[in-house]
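The values are calculated or read from the model by the stated rules, or taken from the named source; none is laboratory data. Here the structure is a predicted model, which is why all the values come from computation and not from measurement. Methodologically, a virtual Cβ is constructed for each residue, glycine included, from the backbone with ideal geometry; neighbour enumeration extends over all protein chains shown. Surface areas here come from the heavy atoms of the whole protein model, side chains and all, with no ligands, DNA or RNA. Shrake-Rupley method; radii C 1.70, N 1.55, O 1.52, S 1.80 Å.
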Amino acid sequence: MSNMNWINRFAKLGSEFSAEVLPSPVPNPTWVARNEALSQSLGLPQDWLNGPEGLAVFSGNGLWDGMQARASVYSGHQFGQWAGQLGDGRALSLGEFKSDKGTIELQLKGAGKTPFSRMGDGRAVLRSSIREYLCSEAMAGLGIPTTRALCITTSPQKVIREDIETAAIVTRTAPSFIRFGHFEHFANQVSAQSSDNLKQLADFTLANFVHSSQDFSDNPYANLLYEVTQSTAQLMAQWQSVGFCHGVMNTDNMSIMGLTLDYGPFQFMDGFNPNHICNHSDHMGRYAYGRQPQVAYWNLFCLGQALMPLIETQELAMRALESYKSSFADAWTSKFLNKLGLDVSDAPDQLEKDKLLLNDLLERLAAEQVDFTVFWRRLSSAVTESSADAPAWRYVSDLFIDQAAWQSWQVRYLDRLGQLDTTKCQARMLKVNPKYILRNHLAESAIQKSKIGDHSEVETLFKLLQSPFDDQADFDHYANLPPAWASSIEISCSS
Ligand code: AMP
Ligand code: MG
């Protein structure tokens, strides 16, 4: 029973866009985690996360009336190369329904093979499902656009990866899971039908998910490219500002709505290192932390290329794409100055000097690979103290080996703070410098416990990360520097 209003708009686009496919059942499913907060905010019926029917549906063992299980087809560029047709190989849309927060699409990830599974088994393992569940909620807690996870179920069914692992299914939600790759798919086929499909997809996206601002152009498809460029630029600034590395920024993992999508080998950086590579399979460092903004721009060009038959005017497409440079730079500068307690609009005449101060700091942090999260949070505590000898400042200084270099920067910063209301600066900083992030080793500890049936640590992290900016006294130790073993964790694409 599920008295929801299923509208299934994407399914109605037809068989060129998605294939009907039923989830493959698993034996003896159980719950791992349930996001009651999301369920409530969407106004979902109580029984979704509480009854046997919900457990059956979210483990791929049944469908409610009105649901239409379908896998969509897309293509994409992977690691800079055209990869041809991909598609939902293990994701399965159950349909779209009207919620209290607008229309929401529901997807199972790991519910078995689809026509797009290629060599894969259509399954997901417990470890990667927990990582997706926790990280998407952590991103939501940080205020960063993302798909959201509703629940995880598991089954004794075994899944073969490098080792034999346990199967799990994560249910995720978003207004839309349309990717850059959906557009690339139709643009790279040569038939009159594929041109129609491309236009249909663009019109569908414009009508439902990406609303064009009137002031860019009177060409709707150029407006679409412009809006996606803008939301992607904002997303990149937000990722960079919290040290988030996605790990697999292929065009098929890029959301048309500028959401963080497809959590695989992601990582919140520990020590600040622009060259940091979180994906063990990324041998060339294409998706290193410092390259993410550039890669997003490259990916937008792929989208632009795909939309060219609709936009028609190259100059317009280029202008939409070019807007990335200043939008990203402005958003990045604004976010990072906020991290320092400064604001672009407070003192425009100081902007160049402030930017220099910021860049010199980032150089210092990179030179010593200072812990990115701990540094900003300690700095946030120190700014109300005017003397460098105050304990709060010594706590920051302790993070640096080259004391002389650090102190010469600190003097400049204290001088700048001297012109400001530092209580205001601090309030600003505590809203953008999180205390708690999902470090790899924290996720790893929760996963190890869950593997032996104890899901309590998943629950603890889940609650903690919903409010990453708040001091949560009982959980102080979760904000500590990572232990030595954290750097030996290797996360690859295999999940
Ligand atoms: P990803 O790197 O997770 O974005 O996956 C790239 C493509 O491979 C997507 O089309 C996925 O649906 C597909 N894929 C990844 N893992 C599996 C799997 N275990 N079974 C089937 N398809 C998969
Ligand atoms: Mg993917």
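Would you mind checking the pairs K101/K463; K109/K199; K424/K463; K353/K424; K355/K463 and listing those with alpha carbons more than 25 angstrom apart?
Details: K101/K463 21 Å; K109/K199 28 Å; K424/K463 28 Å; K353/K424 20 Å; K355/K463 36 Å.
Pairs exceeding 25 Å: K109/K199; K424/K463; K355/K463.
A P(r) calculated from all alpha carbon pairs of region 1-124, with 5 Å bins opening at zero, reads 2, 11, 18, 22, 20, 14, 8, 4, 1, 0 percent.
Taking the Cβ-Cβ separation of R412 and Q214 as r and a Förster radius of 35 Å, what is the calculated FRET efficiency to the nearest 0.05? Intermediate results must be reported in sequence, preceding the final value.
Values: r = 44 Å, r/R0 = 1.25.
It comes out at approximately 0.20.
When only Cα pairs below 8 angstrom with a gap of at least 6 residues are kept, region 185-342 shows a relative contact order of 27 percent.
Go through region 74-125 and name the trypsin sites (Lys or Arg not before Pro) that are in a DSSP coil and have 13 or fewer other Cβ atoms within 10 Å of their Cβ. Let's see the in-between values first.
Numbers: sites: R90, K98, K101, K109, K113, R118, R123; in loops: R90, K101, K113, R118, R123.
Listed in order of number, the matching sites are K101, R118.
For trypsin sites (Lys or Arg not before Pro), the sites in region 139-186 that DSSP calls loop and that have at most 16 other Cβ atoms within 10 Å are R161. Over what distance in Å are the Cα centres of region 143-186 and region 62-121 separated? So the separation of the two Cα centres works out to 9 Å.
Taking region 237-261 and a reference point 7 angstrom along Cα→Cβ of I489, the backbone N atoms nearer than 18 Å belong to 242-248. A 1.4 Å probe run over the chain, with the rest of the protein chains in place, finds 40 Å² accessible per residue.
Gain on full extension, evaluated as 0.36 nm per residue between Q294 and D476 minus their Cα-Cα distance, stands at 62.0 nm. With R₀ set to 60 Å, the beta-carbon distance separating S334 from Q46 gives a calculated FRET efficiency near 0.90.
Taking the accessible area of region 11-176, probe 1.4 Å, and keeping the other protein chains in place, the carbon and sulfur fraction comes to 51%. Given a cut-off of under 8 Å on Cα pairs at least six residues apart, what relative contact order in percent is computed for the chain? Taking the mean separation of contacting Cα pairs over the length of the chain, I get 14 percent. The longest stretch of the chain left intact once loop-based GluC sites (Glu not before Pro) with at most 12 other Cβ atoms within 10 Å are removed from consideration, loops following DSSP, is 313-489. With N the number of residues in the chain, Rg(Cα) / (2.2 N^0.38 Å) evaluates to 1.00.
Net charge near R127, counting Lys/Arg +1 and Asp/Glu -1 over other residues with Cβ under 12 Å of its Cβ? With Lys, Arg at +1 and Asp, Glu at -1, the net is -1.
Using every pair of separate Cα atoms, the Kirkwood estimate puts the hydrodynamic radius of region 339-430 at 13.3 angstrom. Taking one equal scatterer on every alpha-carbon of region 244-354, how large is log10 of I(q)/I(0) by Debye at q = 0.17, 0.22, 0.24 1/Å? Values returned for q = 0.17, 0.22, 0.24 Å⁻¹ are -0.97, -1.20, -1.28. Relative to the Cα centre, the charge distribution of region 396-452, modelled as +1 at Lys and Arg Cβ and -1 at Asp and Glu Cβ, gives a dipole magnitude of about 380 debye.
Within the shell of other residues whose beta carbon sits under 15 angstrom from the beta carbon of G112, the net charge comes to +4, with Lys and Arg scored +1 and Asp and Glu -1. Relative contact order of region 436-491: 44 percent, from C-alpha pairs under 8 Å at least 6 residues apart in sequence.
Compared with the alpha-carbon gap, the fully stretched path from T423 to Q193 is longer by 76.7 nm at 0.36 nm per residue. Averaging Cα coordinates gives a centre for region 389-438 and one for region 199-257; these two points are 35 Å apart. For S386 and K355, FRET efficiency with R0 = 22 Å and r from the beta-carbon atoms, rounded to 0.05? Efficiency computed from Cβ-Cβ geometry: 0.40.
Other residues within the sphere of radius under 11 Å centred on the Cβ of S212, judged by their own Cβ, net out at -3 (K and R +1, D and E -1).
Out of the total accessible area of region 339-430 (probe 1.4 Å, heavy atoms of protein only), what percent is carbon and sulfur? Walk me through the intermediate numbers first.
Working: 2250 of 4490 Å².
In region 339-430, the share of accessible area belonging to carbon and sulfur is 50 percent.
Volume per residue for region 351-495 equals 145 cubic angstrom (convex hull of Cα atoms).
If you take the charge dipole of the chain about its Cα centre, with +1 on Lys and Arg Cβ and -1 on Asp and Glu Cβ, which of Y226, W48, A187 is farthest toward its positive end? Value computed over the given set: W48.
Accessible surface for T154 stands near 20 Å², nearest 10, in the context of the full protein assembly shown (1.4 Å probe).
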